[in-house]
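Notes follow once the structure below has been shown.
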Amino acid sequence: MESAIAEHLKCPRTRHRRVEDDYTPPYPVWSARAAAGVGQVVMGYFGVQSRGPELQGRACAALMQIARDFGLADGPGHHDLAHFVDAEGFDNMIAIAYWSDPAAFGRWCATPEIDDWWRSPARLDDGLGYFREIASPRAEHYETMFSTPDRFEGVGVVMGGGVSGEIQEHGYWGSMRDRIPLSQTDAMVASGSRSAIPATPAPGQRVRIAGHQNVAMIRSGQEWTDTTGKERTLYLEDMEPTLREGMDFLRDQGLAIGCYSNRYMHHLDARGAPLQKSFGLSFWRSLADMERWAESHPTHVAIFGSFMRYVQELNFELQLRVYHEVSVLKMDEQSYEYINCHPRTGLMNGLAA
Ligand code: HEM
């Protein structure tokens, strides 16, 4: 058993963990480790927004183009494609890409064909919406968790330092915070507020959103490809409907509890066909707001309870894969840009008049 906090990120504590040193978690969980030299990563959400079946083909083509451009020099080490329909009925296709080096990301963005495409006035009147939500947390500002040690998702794929041993900080409310290295010395309280340029986002515009200090972000995913029999039924008929309810709540009523945006997304393969994998992606005013939802909302409490029960019932032989990555972002670790998107998109949500 080892700490989720890698040795080189440990420091003298001024804040305590929620558990005692002899705490033993009820089931095993692993973290991804960063290779030496991977100090800051980039998590980029490149979105294409459209409405109605007649635009879906063009939206898909735009997404495929973005994914092809990842193959240019300095492109990401890993990417996923995903889709969801938002509360306004728009299709949102997103290519999610990870870099282990922010300088490479900067060079990739500055590649003339990518930069010219993004800046072109044509982006405002080709009938589609586009966005880039870029989070670039330093190593102290994020954590990962995987229910199996054999395969990573998301940022874990590019961190390059392999898998940890079984970690101690999990299986109790507050463990997410305890896994983030910064929690050793900092309460990660949010301050300030979001602002938009121009101040009132509307469709047909380019909009930039400035985040505030300590915005919290989570990508929490599950894959049921390998589940069979009772476990598959449990996931599809018991857990998934509850999860969907929780995700719909955050999408529709999240603002009142500090959730700026929530997307319950389905993975697509390289040709756009759905895979048996999904994830929730949400941005929050603070880590504390996210924690409150996770430990008190009936949907997540029920999912958490079922997971604990199934793990034991299935004798720790779960085929359902669960993982998450959580970041607490400083001002300079966030960049959000929207082109011709509706004003409830992503971090714009709640800012329009
Ligand atoms: C089938 C889907 C899901 C399952 C089975 C599940 C289950 C769990 C479990 C078992 C834990 C505790 C993990 C540990 O510490 O060992 C946990 C923590 C957490 N989950 Fe989920 N979850 C799911 C989806 C989600 C989604 C979509 C979100 C949000 C977008 C979410 C947010 C959280 C948060 C914030 C925590 C950390 C709570 C803390 O440590 O204080 N979960 N979940």
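The values are calculated or read from the model by the stated rules, or taken from the named source; none is laboratory data. Computed from a predicted structure; not experimentally measured. Note: ideal-geometry Cβ built from the backbone for every residue, glycine included; neighbour counts use all protein chains shown. The protein model used for the area step is the full one, side chains on, heavy atoms only, and it has no ligands, DNA or RNA in it. Shrake-Rupley method; radii C 1.70, N 1.55, O 1.52, S 1.80 Å.
Whenever a residue of the range 4-15 is in a helix (DSSP H, G or I), its partners that are loosely packed, with under 12 Cβ neighbours inside 10 Å and not polar (S, T, N, Q), lying with C-beta atoms within less than 9 angstrom and at least six residues away or across chains, give the pairs 8/36. For residue 185, are the conditions met, namely being out of contact with any helix residue (DSSP H, G or I) (no Cβ under 6 Å at 6 or more places or on another chain), modelled with pLDDT under 95 and open to solvent by 10 Å² or more (accessible area, probe 1.4 Å)? In short, no. The residue pairs whose first member lies in the range 111-137 and is among the small types (Gly, Ala, Ser), whose second member is part of a loop (DSSP other than H, G, I, E, B) and open to solvent by less than 20 Å² (accessible area, probe 1.4 Å), and whose beta carbons are closer than 8 Å, counting only pairs six or more residues apart or on different chains, are 129/341; 129/342; 129/345; 136/41. Restricting attention to the range 245-287, the residues that are open to solvent by 20 Å² or more (accessible area, probe 1.4 Å) and near the ligand (Cβ under 10 Å from one of its atoms) total 1. The set of residues in the range 220-244 being of a type outside the set (D, E, K, R) and either surrounded by 15 or more Cβ atoms within 10 Å (Cβ to Cβ) or within 13 Å of the ligand (Cβ to nearest atom) (or both) consists of 220, 221, 222, 224, 227, 234, 235, 236, 239, 241, 242, 243. If the condition is being part of a strand (DSSP E or B) and either on the phi > 0 side of the Ramachandran plot or in contact with a helix residue (DSSP H, G or I) (Cβ under 7 Å, 6 or more places away or on another chain) (or both), then the range 330-345 contributes 336, 338, 339. Go through the range 274-290 and give me each residue that's under 18 Å from residue 336 (Cβ atoms) and part of a strand (DSSP E or B). Once the filter is applied, which keeps residues that are under 18 Å from residue 336 (Cβ atoms) and part of a strand (DSSP E or B), the range 274-290 yields 281, 282, 283, 284. Of all residues in the range 161-179, exactly one satisfies the criterion of being under 19 Å from the mean Cα position of the chain (by Cα) and surrounded by fewer than 21 Cβ atoms within 10 Å (Cβ to Cβ), namely 174.
Of all residue pairs spaced 6 or more apart or on separate chains, those with beta-carbon atoms under 8 Å, a first member in the range 239-260 that is over 17 Å from residue 292 (Cβ atoms) and a second member that is hydroxyl-bearing (Ser, Thr, Tyr) and surrounded by fewer than 18 Cβ atoms within 10 Å (Cβ to Cβ) are 239/306; 242/306.
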